[in-house]
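Notes follow the structure.
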Amino acid sequence: MTDRELRRLNRRDLLRILVEQVKETEKSKLELEEVTARLEELEQNYERLRKRLDQKDLRIHELTDILQAERTKREIELREAGSIAEAALRLNGVFEAAQKAADQYLYNIRFPNKEKSTGDSKNEPGGIQEDTGERYEGKEER
């Protein structure tokens, strides 16, 4: 309304317009309060969700680190598998030689007279091991 139209209105009409304006203002204030409350609620939900996402991101990062460490460990194990297999083959040869020496020693202990009757055991095949067996035999008697 223009100023001219407002001047033509009587007092009753002006009061009616004023009451309508007050009601409209009150209604707008209530809507503003509702919207503000809803906005605060949404902001709280946003913060809560953001914190949860941050925790999830942290957990994902931790799991990624663990996964990478396991991958690295597995790669090392796979690389070393060949080395371990080679070492096992070498150890197998050492164990075979040790077993032969142990067998020879036991043979010398079980049959001590056979070696003494044959003479010089060092000239026979495996004589060094037999000689070693004789030395062990002597230590046991002491």
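Give the residue from G93, S83, L9 lying farthest towards the positive end of the charge dipole for segment 1-100; charges sit on Cβ (+1 for Lys and Arg, -1 for Asp and Glu) and the dipole is referred to the Cα centre.
Selected residue: L9.
Give me the distance in nm between label points sitting 7 Å out from Cα along the Cα-to-Cβ direction at L78 and E47, one decimal.
About 4.9 nm, to one decimal.
Please list, short to long, the whole-number percent of alpha-carbon pairs of segment 3-87 in consecutive 10 angstrom bins beginning at zero.
In whole percents, the pair-distance histogram is 14, 15, 13, 11, 11, 10, 8, 7, 5, 4, 2, 0.
For N92 and R110 in the same chain, what is the full-extension length gain: residue separation times 0.36 nm, less their Cα-Cα distance, in nm?
Working: separation 18, 0.36 × 18 = 6.48 nm, distance 2.66 nm.
Gain in length upon complete extension: 3.8 nm.
I want to check the label-to-label distance for D103 and I66. Put each point 7 Å from Cα in the C-beta direction and report it in nm to one decimal.
Those two pseudo-labels are separated by 5.1 nm.
With labels modelled as points extended 7 Å from the Cα through the Cβ direction, what inter-label distance (nm, one decimal) is found for A85 paired with D54?
In this crude spin-label approximation the distance works out to 5.1 nm.
Sort 99-107, 78-86 by the packing proxy (mean of other Cβ within 10 Å over each peptide's residues), most packed first. Walk me through the numbers before you get to the answer.
Numbers: 99-107: 13.1, 78-86: 9.9.
Most protected by this proxy first, the peptides run 99-107, 78-86.
Can you give the charge dipole size of segment 3-87 about its Cα centre, rounded to the nearest 20 debye, using +1 on the beta carbon of Lys and Arg and -1 on the beta carbon of Asp and Glu? Please list the in-between numbers first.
On the way: 20 positive and 22 negative charges, 167 e Å.
Here the size comes out at about 800 debye.
No value in this document is a laboratory result; all are computed from the given coordinates. Keep in mind the model is a prediction, meaning the values are calculated, not measured. Positions of Cβ are backbone-derived with ideal geometry, glycine not excepted, and every protein chain shown enters the neighbour counts.
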